Amino acid sequence: MSALVQTAPKSLVVEPCENGFGARITGLDLSRPLDGETLAEVKAAFARHAVVSFPDQPLSLEQLEAFTLQIGPFGEDPFIAPMPGHPNVLELRREPDEKATNFGAGWHSDWSFQPHPPAATLLHAKVVPPVGGDTLFADCARAYEALSETMKQLLAPLRAVHSAARPYGTKGVFARETEKRTMQIITSEEAEKTEVHPLVRTHPVTGRKALFVSPVYTVGIEGMTDKEAGAILGFLFAHMTQPEFIFRHKWAEGTLLMWDNRCTVHFAEGGYDGHLRVMHRTTVAGDKAF
């Protein structure tokens, strides 16, 4: 085996949060390829904890791309222009003088409006402001499990309608934006298309069921009026974002964070006006929800 491949699975340390949602993984150098056994341990920890952080990983763009491909093939990232020469990397940059709302400020699962939403998102911290900028995650599996059996039975056959129209449509939030923004957002009629997924999704690795809806991208429930769907979705949005289901990630420069879009939603906090913030993001392709 090549000496360039990392072959020390026993050095890997997984430190889970108290309730098991979220974990910190240390003992690895992600600038080099992981051997099969180590990679399997990382993937197992990811499936188990849904949000995993790798601190102190000063990765180049090429190394970020290479690690992403070890997790799986790249997902498709519409509506945001990628970095020049890196079609699968988005730069989430906010300059100190920007007044526009920080990107990601709404609970969502990345690109859930796609026919095959991304399984995972990876975000690498390059420049971290001294204040604000936390990312919050909600455990949609534990939120589902906390529901009554009657509610679970009600939700079981329902299919939620997803669309990118609210943020990226021709009349969406970004199309109406007046403040300048460094990130190049692409608004389009394509964003107004809809995709239907089960409201309760079964994780393809763990088999756990999770709520698969979000305030940003879920616009209705198949076969229901807007008022009917709004009543159910409004309850679920409030339920799944209760404090007992939330994990708060505080960033440090060089941290790589990876989260599972199949069983979590997330929210990017602001609070760092006057400071530069730079992150690099990739996604891993996923399967059709079931």
Taking the alpha-carbon centre of each part, the distance from the stretch 248-290 to the stretch 10-79 in Å is 13 Å
May I ask for the equivalent-ellipsoid semi-axes of the stretch 199-290, computed as the square root of five times each C-alpha gyration tensor eigenvalue and listed largest first in whole Å?
28, 19, 13
Reachable lysines from K288, Cα under 20 Å, same-chain residues fewer than 8 places away excluded?
K43, K193, K209
Cα coordinate range in the stretch 71-120, projected on the principal axes (Å, largest first)
36, 30, 19
Whole-percent tail of the Cα-Cα distance distribution for the stretch 126-196, cut at 16 Å, equals 71 percent
Take the chain, compute every pairwise Cα distance, and split them into 5 Å bins from 0; I just need the percent in each bin.
1, 5, 12, 16, 19, 18, 14, 9, 5, 2, 0, 0, 0
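Only the coordinates and a few stated rules stand behind these numbers; no lab work does. Note that the structure is predicted; figures quoted are calculated from it, not measured.
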